[in-house]
Structures are given as structure tokens and as C-alpha cells.
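See structure below.
The values are calculated or read from the model by the stated rules, or taken from the named source; none is laboratory data. Predicted model, so just to flag it, every value in this text is computed and none were measured. A quick note on method: Cβ atoms are made from the backbone with ideal geometry, for glycine too, and the neighbour counts reach across all protein chains shown. Please note that ligands, DNA and RNA were not included when accessible areas were found on the heavy atoms of the full protein model with its side chains. Shrake-Rupley method; radii C 1.70, N 1.55, O 1.52, S 1.80 Å.
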Amino acid sequence: MAANGTGVTSPRTPLKSILTEKAKGIPNDSAGTVKAQTIEELHSLQRKRSAPNTPLQGTAGAFANLSEDERQRQQLQSISASLASLTRGTGPKVIRGDPGGGKYQAVSHVAPHHHHIEAPVISVSDSSLKFTHVLYNLSPGELYEQALKYEKGSFLTSTGALATLSGAKTGRSPRDKRVVIDDTTQDELWWGKGSPNIEMDEHTFMVNRERAVDYLNSLDKVFVNDQFLNWDPKNRIKVRIVSCRAYHSLFMHNMCIRPTPEELENFGTPDFTIYNAGQFPCNRYTHYMTSSTSIDINLNRKEMVILGTQYAGEMKKGLFSLMHYLMPKRHILSLHSGCNMGKDGDVALFFGLSGTGKTTLSTDHNRFLIGDDEHCWSDDCVSNIEGGCYAKCIDLSKEKEPDIWNAIKFGTGETLSSLFLDHLTWTTII
């Protein structure tokens, strides 16, 4: 959902004008297994076996002639490679489906060209021998069921939204966020006094990554979301989120852009992967750690690791940090802003820190909502990075913020901290 507006001329390098189409009306929203010795070899094999890029419309994908069984086998093989640990050559034996479902579709490490049905061996303690069930790109209804059945503190509100708990953390932990400094990032990122970037080295990142992956592999099931960032098709980023809570999967289902079935078939290797093991703490004695929480980004490996916090907003902001790094390299301005469009095609951008009113201002009932928080301004368009909205619900009123109020319904999620409604995520389709 890219929207166009009028370019702002800079005294040095003028931006191209962005043409717009006049809006015909304002919608009424009030209505209702891979063998390898090292992780690098695994990634290399994964890249060779997957489509390098998601094709545009009208282009035949790399998996176009594959059977459904073979496509799912390759998909599970890709997830198995993503979950591979540094010290073991393969990932877990991944199985598609709910552990409570009775029968499962598995990736065979012995005969990779054949599907077979197996019952899981849960009693085996070594994660390289056990089965890990993959709940892949589930729908909101399926995620509701998982949350209500298995996540303590989750329940339905009177309007149909899912309410849940984020644990001890009810907000982001910027002091616990680290970025790997290496030969490239030491020159490309802002470091030192006044910078929000707190450094860590590659070895420490890998220690935390191993801790997160081992925890995820020890679980009976993991949730995997393959999705996009940025509605501009020429600058779209493919992301994979591996998490252990239905709440996290639903959050990213709303916050990222969901692929069509055809795009998902040709998704291939993700450009960036998040390992969210937030229910498990980091080791506080590990170098660079200042608490049991650690959020680590490695731009070279294209990975993010979350330990010691279940606050879902860490994933959203981690991906925004990624876009702040990637988009300027493409001469695109990434913006922390809300955005909407008027009846005549005029585009307004609302800048501000978190909690300053961007979502409220951008959800003007008399204008088209483009997005409420993260955007890219290129030579061609202003595009929303995200697929949904994220609103604070403290002191929310129907009179002052009707669009946000009316969004509290089935498919949205709310995070409860203590005894008050804290945050809401929802998807808006224009």
C-alpha cells in the first residue's frame, strides 16, 4: 500500500516530485535437512536450493513446477537450516503441524526426496534427535486457539480481540539492545557518545544466538512467520520470525506484510531472520550483558536474537532498525512517522517519538490511512514499511480516537501490563 505525495526540495539534492492520484472517496472504517560442517555451509546450501528473490507478478517462480509435497518439504528444509545450531551440523527434525494433531508431516533427513508420516519422539533429550513442530504462517483463528489453550493469561475480550501478558517487560529495553561491530559496521554506523547503538562483538552474538536456538530447538513447537517489509515491491525485504509464543506470531502477522499464496510458494531464503527466545534469559556473565535481557542485531549475518523479554515490540523496532540501515544504501529515506492522504491526493507525514501521537494523527477519519509509524520515501513513492498499526490504548476513548477504538475486534491483539490495557496491534486494509 504505497501512497504518493509531493516531494520536498532540498537545497542540495532535490527529490523527484511524487505524483498522486486523486482519491474518489474516504472509506468508512467504523464498520464492523541439509548436511554441512558449519553454519556457513548450511546457509550456502540453503541459498542454492531456494529462490533468491520473490518474483514480481507475471514472473514464473523457481518453485512453479514443484508438487505441493515437494514444495512443503523444501520449505521445512529451509526452516530446519534456519534453526541449525553452530555446534551441530543440522537443525532439528522439523514437522509441520500442531503436536496435539495426532499425525505430522516431517522432513526426512535420511531420504530427503520422500515425505513420510511419523509420530514424534518427545522423550529424546538431544535436540538434534527430537522433533520440533513448525506452526507455519498460521491464521489469526489458529493463533487464538494456540494462545488460549497453552499461554497462561490469554483470554478473549468482549469485542473479540485477544488479550495476553508480555511478562515482566511492558516496554522496550533500549539499554539491553546491542549491534555487532565489525569491519563494515564500524565505519557505517554511528558509535560512541550520544549514539543509540551499543556495540557487541561477533563471538558474543554467536554465544547468544546459540542459547536462543538451543532453547527453540528444545521446545515441542515453534511458530514461524515468513513475511515482507515495505509495500514498495522494488524495495521489499523478506523476513522470517521464529518464536515460541502464539502472541508473538499474531503480533508479527499483523505488523508485517503477509505474502499471497503465490508469493509464499516462491518465498525462498529470507533476507533477515529473527530468533525470538524471549522466554529464556541471556547469561548475565556473558561479555557485554548488563541484565538477563539482550536484544542483539548482526547486520552481516542478517539475524536478530531476543533473550529475556517477551515484549513483542522488540521485533517491530528491530526490523525498523534494519530498514534504517538498508534503505539509505538504496538512496531511500526511512522515516519514523505516520502518514495519510487526503481526497485530492495530498500526503501528510507526522513525525515524532513513540507515544507522541503519530497513530492518532494519521488515523484521521476523513483521510486515507497509509501507515501509523514507519515509512520509506523514495524517488517514486512514500510507502508503508509495515502491514498493520500499533496503538497505545491507555486512556483510549471512542469519541477522540474512533478508528483505533473500532479496531479492537477479532484478529487484533492487546498486551496487558498490570491491570490496564497497554498496546493494540491491528491490520488496516485500504
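Quick one: would you say Ser218 is under 30 Å from His133 (Cβ atoms) and of a type in the set (S, T, N, Q)? Full working, then the answer.
On the way: under 30 Å from His133 (Cβ atoms): yes; of a type in the set (S, T, N, Q): yes.
Against the criterion (under 30 Å from His133 (Cβ atoms) and of a type in the set (S, T, N, Q)), Ser218 qualifies.
Considering only residues of the range 128-150 that are over 16 Å from Gly411 (Cβ atoms) and crowded, with 16+ Cβ neighbours inside 10 Å, which is modelled with the lowest pLDDT? First the steps, then the outcome.
Within the range 128-150, the first condition is being over 16 Å from Gly411 (Cβ atoms), and the residues that meet it are 128-136, 149-150.
Remaining after also requiring crowded, with 16+ Cβ neighbours inside 10 Å: 128, 130-136.
Values: Ser128: 57, Lys130: 74, Phe131: 83, Thr132: 89, His133: 92, Val134: 94, Leu135: 95, Tyr136: 95.
Only one residue fits best here, namely Ser128.
Report every pair of residues separated by at least 6 positions or lying on different chains whose Cβ atoms are under 9 Å apart, first residue within the range 62-74 and modelled with pLDDT under 80, second assigned to a loop (DSSP other than H, G, I, E, B) and loosely packed, with under 14 Cβ neighbours inside 10 Å.
Cβ pairs passing all conditions: Ala62/Pro52.
In the range 295-309, how many residues are surrounded by fewer than 24 Cβ atoms within 10 Å (Cβ to Cβ) and polar (S, T, N, Q)?
2
Please pick out the residue among Arg367, Arg330 that is touching a strand residue (DSSP E or B) at 6+ places or on another chain (Cβ under 8 Å) and among the charged types (D, E, K, R). Talk me through it step by step, then tell me what you get.
Details: Arg330 fails: touching a strand residue (DSSP E or B) at 6+ places or on another chain (Cβ under 8 Å).
Unique residue meeting the criteria: Arg367.
So, Glu199, is that one touching a Ser or Thr at 6+ places or on another chain (Cβ under 7 Å) and of a type in the set (D, E, K, R) or not?
On the way: touching a Ser or Thr at 6+ places or on another chain (Cβ under 7 Å): no; of a type in the set (D, E, K, R): yes.
So Glu199 does not fit the description; no.
Restricting to the range 152-187, name every residue that is part of a helix (DSSP H, G or I) and either open to solvent by 90 Å² or more (accessible area, probe 1.4 Å) or of a type outside the set (D, E, K, R) (or both).
Initial filter on the range 152-187 (part of a helix (DSSP H, G or I)): 174-176, 185-187.
Matches in the range 152-187: Pro174, Arg175, Thr185, Gln186, Asp187.
Residue by residue, here is whether (1) at pLDDT 95 or above; (2) more than 16 Å from the chain's Cα centre (by Cα) holds:
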residue	(1), (2)
His253	yes, no
Pro261	no, yes
Thr269	no, no
Asn283	no, yes
Tyr288	no, yes
Ser292	no, yes
Ile295	yes, no
Asn298	yes, no
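Taking the range 325-353 only, how many residues are open to solvent by 20 Å² or more (accessible area, probe 1.4 Å) and β-branched (Val, Ile, Thr)?
1
Conditions tested, residue by residue: (1) among the acidic types (Asp, Glu); (2) over 22 Å from Ala81 (Cα atoms); (3) touching a Cys at 6+ places or on another chain (Cβ under 8 Å); (4) open to solvent by 30 Å² or more (accessible area, probe 1.4 Å).
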{"site": "Leu219", "(1), (2), (3), (4)": "no, no, yes, yes"}
{"site": "Thr293", "(1), (2), (3), (4)": "no, yes, yes, no"}
{"site": "Met315", "(1), (2), (3), (4)": "no, no, no, no"}
{"site": "Met323", "(1), (2), (3), (4)": "no, yes, yes, no"}
